[in-house]
1. E27 is checked against (1) in a loop (DSSP other than H, G, I, E, B); (2) at pLDDT 90 or above and fails just one. What number does that condition carry?
2. Of the residues that make up the stretch 54-77, is at least one of a type outside the set (S, T, N, Q) and over 30 Å from V116 (Cβ atoms)?
3. If the requirement is being in a strand (DSSP E or B) and surrounded by fewer than 14 Cβ atoms within 10 Å (Cβ to Cβ), which of these qualifies: I87, I99, I105?
4. Any residue in the stretch 54-78 that is part of a helix (DSSP H, G or I) sitting within a Cβ distance under 6 Å of a residue that is surrounded by 10 or more Cβ atoms within 10 Å (Cβ to Cβ)? List the pairs, counting only those 6 or more apart or interchain.
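The values are calculated or read from the model by the stated rules, or taken from the named source; none is laboratory data. Model, not experiment: these values are computed from the prediction. When we count neighbours, we look across all protein chains shown, and the Cβ atoms used for this are built from the backbone with ideal geometry, even at glycine.
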Amino acid sequence: MFQKFLQIFILQSSFFLLLSRLAFSNEEPTPKPNALEQFFPFILLAIFFYFLLIRPQQKKQKNQETFLSTLKEGEEVLTSSGIYGKIMNITSDFVILEIAPETQIRIAKAFISSYVQEKNPSKENNKGNKKIKRIKA
C-alpha cells in the first residue's frame, strides 16, 4: 500500500515538473551582464572613498609638511598636546620650545600643530558694540 502511494506521488510530482518546464520554456534566458556592469558599483565606491577619505587626508598631510618646513626660531606655536611655547632651536626632527622663562622642552617636530593666534582686542570690542535690530512680528 505504501509502495503504491509512493509510486503515485513520484509519478504525480514528475508530471507537474514536466508541465512547469513546458509552461516556462517560452521565456528567453536572462542575459548575463558583462564584467563592467558587475564591477561598476565597486568602481563608484572606490572613487567615492578616494575623494571623500583619501584625498583630503593627503591634502592635510601636505599642508602639515609645508607648515613644519616653514617654522622659524622665535615663533610662538601650539603643540598637539596643548602646550604653548616659543621656538628656541630647530633641528631636522626636534624642536626646543621655551614654555616658561628659563624652562625649555624638546619635542618632536611633527607634534607642532599650529601657530599661536593672538586675539585682536579691537575686533572683539567692535563685536560688542553692534546693535541688534529687533523685528516686531
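1. (2)
2. First, the residues of the stretch 54-77 that are of a type outside the set (S, T, N, Q): 54-56, 59-60, 62, 65, 67-68, 71-77.
If we keep only those that are over 30 Å from V116 (Cβ atoms) as well, we get 54.
For the stretch 54-77, residues of a type outside the set (S, T, N, Q) and over 30 Å from V116 (Cβ atoms): present.
3. The conditions single out I99.
4. Sorted first by the residue in the stretch 54-78, then by its partner, the pairs are L68/K109.
Every residue, every condition in (1) in contact with a strand residue (DSSP E or B) (Cβ under 6 Å, 6 or more places away or on another chain); (2) at pLDDT below 90, yes or no:
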residue	(1), (2)
F9	no, yes
F42	no, no
L45	no, no
K59	no, no
Q64	no, no
K72	no, no
Y84	yes, no
